[in-house]
Amino acid sequence: MKAIIIGAGIGGLTAAIALKNKGIEVEVYEQASEFKRLGAGISLWTNALRAFKEIGLEQKIINLGAEINSSKLLTYNGQELSAIPAAQFKEKFGFPSVVIHRGDLQEILVDALGAESIFLNKTFQAYHDNDGITVDFLDGTSARGDLLIAADGIHSKVRRQSFGDIPLKYAGATVFRGICQQDIPEVELGSCFETWGKNGRFGVFPMRNNEIYWYFTFKQPANNILKEEKRKSFVETNVSNWHQPIASIIRKTDMPDILQNDMFEIPALKTWYKNNLVLLGDAAHAMQPNLGQGAVMAIEDAIILADALAKHDDITTALEDYQSRRLARANKVQRLSKHLGPIGQINNPILSSLRNTIFKLIPNSFRMREFNWLFNFEI
Ligand SMILES: Cc1cc2nc3c(=O)[nH]c(=O)nc-3n(C[C@H](O)[C@H](O)[C@H](O)COP(=O)(O)OP(=O)(O)OC[C@H]3O[C@@H](n4cnc5c(N)ncnc54)[C@H](O)[C@@H]3O)c2cc1C
């Protein structure tokens, strides 16, 4: 069998490695002309490392990442609301959670797959499903295979051809991301936090080499993307009375390196495959990034899809198996993520103080049950 994958993001690359390991021929087609090192980190929770073990990459990722020991939820003045005891989950599931530079993760995946399986500058245009799959690219070339895997992200053109136009939903907030490359004494490797304040949330994830990955989500209408030189002062102004070391981290971040994206999701889909086409990652379940599980779900998808294809000779049976093992879980994570965003970005002082009180009262056992479900990935 030969699989054609559209998109060399985290999902597409992981799927390609997993398929190759199972002896399935695979080609990855990517629209970009080169792999760029995106200036942001990414959190990969316990379940991601468990999934990466299936393709033998977990140790490389742990080596280049920074282990998360704890991740605290704080109020704007630094009071603790709750904490994810990541070290306890490492003990329970046998895998740590890490934060890693997106560029490092990309390099690990590209190296593991091998450049000969990746075709750059190939923009998907259309596919034909007759006696196998033929894919046409913008440059006039085409490729043939038995299975088409759409790993082309939230705006998936492959999905559009087979499932029609699915309108994206704006999450009501934009997000700024940066990497601070200077030492901040109050920031300790392994200790992450997310602070909830008026209209936004500020997250801090220390990485290796004294780099600190941070993000700031802010409630506002869509399409207000600021010019690069205005982003730093915008973030600074909106967190000016929040606890330290937030102000120091922003002050010490180089200005051109601050990214801004509006946050979108797709509505939960009821099916992920049609004949010999299957959706994976953001193409199937793009979610708001509030739980840090979007890429993790793509990685889990990739491992399960390869497992299903190796188990069943018939492609339809394999895709049905993949969907039955993945769709409900990914849709639930998408739902949880969606509900978390507005809770963290309340701007009414009475409501936010009520929320804080309720959060402190939630029993630890309840929180642990939810995280146990989330972090427990089984093949
Ligand atoms: C602000 C923010 C923070 C996040 N933080 C986290 C986090 O900490 N942890 C986590 O797990 N997730 C996080 N996520 C989510 C995560 O980034 C995504 O879920 C993940 O990148 C999805 O991977 P993917 O491979 O499915 O899609 P993508 O990463 O979008 O990759 C799709 C690829 O397809 C290519 N492509 C698109 N169209 C075509 C075409 N027509 N032809 C050929 N190629 C094409 C694109 O160029 C791209 O390379 C975050 C998201 C955001 C927005």
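The values are calculated or read from the model by the stated rules, or taken from the named source; none is laboratory data. Since this is a predicted model, take the numbers as computed values, not measurements. Because the Cβ atoms are built from the backbone with ideal geometry, glycine has one as well, and the counts that use them run over all protein chains shown.
Listed values, structure above:
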{"read-out": "Hits in the range 139-160 (condition: surrounded by fewer than 19 Cβ atoms within 10 Å (Cβ to Cβ) and among the hydrophobic types (A, V, I, L, M, F, W, C))", "value": "ILE154"}
{"read-out": "Close pairs (6 angstrom Cβ cut-off, 6 or more residues apart or separate chains): within 24 Å of GLU91 (Cα to Cα) in the range 33-54, among the acidic types (Asp, Glu) and within 11 Å of the ligand (Cβ to nearest atom) anywhere", "value": "ALA51/GLU300"}
{"read-out": "Helices (runs of 4 or more DSSP H) completely within the range 191-309 that count 2 or more residues being of a type outside the set (D, E, K, R) and either assigned by TED's automatic domain parsing to the domain that holds GLY103 or within 22 Å of ASP104 (Cα to Cα) (or both)", "value": "282-285"}
{"read-out": "Flag for ILE179 being in a strand (DSSP E or B), more than 10 Å from the ligand (Cβ to nearest atom), among the aliphatic types (A, V, I, L, M) and buried (at least 16 other Cβ atoms within 10 Å of the Cβ)", "value": "yes"}
{"read-out": "Residue list for the range 260-283, filter: aliphatic (A, V, I, L, M) and more than 8 Å from the ligand (Cβ to nearest atom)", "value": "ILE266, ALA268, LEU269, LEU277, VAL278, LEU279"}
{"read-out": "Residue ID - farthest from LEU189 (Cα to Cα), chosen from residues in the range 209-253 that are surrounded by 12 or more Cβ atoms within 10 Å (Cβ to Cβ) and among the acidic types (Asp, Glu)", "value": "GLU228"}
{"read-out": "Residues located in the range 1-56, provided they are among the β-branched types (Val, Ile, Thr), in a helix (DSSP H, G or I) and near the ligand (Cβ under 7 Å from one of its atoms)", "value": "ILE10"}
{"read-out": "Every residue from the range 289-301 that is among the polar types (S, T, N, Q) and either over 29 Å from GLN181 (Cβ atoms) or more than 8 Å from the ligand (Cβ to nearest atom) (or both)", "value": "ASN290"}
{"read-out": "Hey, VAL235 in contact (Cβ under 8 Å) with a residue 24 or more places away in the chain and in contact with a Cys (Cβ under 8 Å, 6 or more places away or on another chain) or not", "value": "no"}
